[in-house]
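Note sheet for the following structure.
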Amino acid sequence: MTPCARPVWFTPVAAIFLTGCAHSPSQRAPERLPVAAQTIPESIPTPPVETAPNTAPDESRPTPAKRSLTISLGAQQFAYAEDGQVVRTGPISSGAAGSPTPTGRFAVLSKDLDKVSSRYTNQLGWQAWMPYAIQFNGHYFLHEGWLPGYPDSHGCVRVGEPDARFLFERMRIGDRVEVVASF
């Protein structure tokens with residue numbers, strides 16, 4: 001077998017056990033080196049930290065005045081609105097009974113394209129991968145993840161990959177996020 005060939009037993013089901021956050025993402029999690037191995041040679045300059053706010057990928061589209069996300073725990077659905085008009089809806093998986101997702105009015109606190117959980121690990125003991133993470137309250141995030149059709153997370157709100165990417169591109173720091181018992 002060549003070094004790049006997958007073994008016969010490597011199937012999409014096996015891939016689930018090799019990724020983070022107990023889901024099958026659209027792409028593999030980036031490999032993480034131990035902290036000691038993450039040295040940067042002095043000859044390579046480090047890029048400056050960008051402090052400007054994120055801009056929309058499509059600059060020709062007018063920026064909506066008001067963006068909001070409503071998450072219904074009872075319906076296991078989200079509704080994203082721009083200027084009061086619902087633009088997109090989709091399924092979610094919220095916190096399981098022992099780790100409920102908090103309800104209330106929140107705001108987007110931060111965004112991280114390749115977030116790695118500092119609290120939870122996957123089945124292999126690696127830190128859980130949370131792509132397209134949007135922080136809305138403390139250690140609670142909306143991010144791409146497995147959607148079993150019922151509440152199943154540690155309190156985060158999981159959405160499918162297309163929805164996670166869409167919301168990550170549209171939502172901005174400070175946008176309203178409301179988590180309700182039902183619509």
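Numerical summary
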quantity: Residue under evaluation Y150, criteria (1) open to solvent by 80 Å² or more (accessible area, probe 1.4 Å); (2) hydroxyl-bearing (S, T, Y); (3) in a strand (DSSP E or B), criterion not met; calculated: (3)
quantity: Set Y120, Y140, Y132: member being hydroxyl-bearing (S, T, Y) and more than 13 Å from the chain's Cα centre (by Cα); calculated: Y120
quantity: Which listed residue, of A97, A36, is more than 18 Å from the chain's Cα centre (by Cα), open to solvent by 40 Å² or more (accessible area, probe 1.4 Å) and either among the acidic types (D, E) or at pLDDT 50 or above (or both); calculated: A97
quantity: Residue in the range 153-172 that is surrounded by the most Cβ atoms within 10 Å (Cβ to Cβ), counting only those that are of a type in the set (A, V, I, L, M) and more than 11 Å from R88 (Cβ to Cβ); calculated: V157
quantity: Output for the range 161-183, where each listed residue is part of a loop (DSSP other than H, G, I, E, B), within 15 Å of L69 (Cβ to Cβ) and not aromatic (F, W, Y); calculated: M171, R172, I173, G174, D175
quantity: Residues that are over 18 Å from G98 (Cα atoms), polar (S, T, N, Q) and touching a residue at least 60 places away in the same chain (Cβ under 8 Å), drawn from the range 123-158; calculated: Q123, Q127
quantity: Of the criteria (1) of a type in the set (V, I, T); (2) modelled with pLDDT under 95; (3) open to solvent by less than 10 Å² (accessible area, probe 1.4 Å), which one V116 fails; calculated: (3)
quantity: Some residue of the range 122-137 being hydroxyl-bearing (S, T, Y) and open to solvent by 40 Å² or more (accessible area, probe 1.4 Å); calculated: no
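The values are calculated or read from the model by the stated rules, or taken from the named source; none is laboratory data. Fair warning: this is a prediction, and the values are worked out from it, not measured in the lab. Backbone-built Cβ (ideal geometry, glycine too); neighbour counts: all protein chains shown. These area figures cover heavy atoms from the full protein model, side chains too; ligands, DNA and RNA do not enter into them. Shrake-Rupley method; radii C 1.70, N 1.55, O 1.52, S 1.80 Å.
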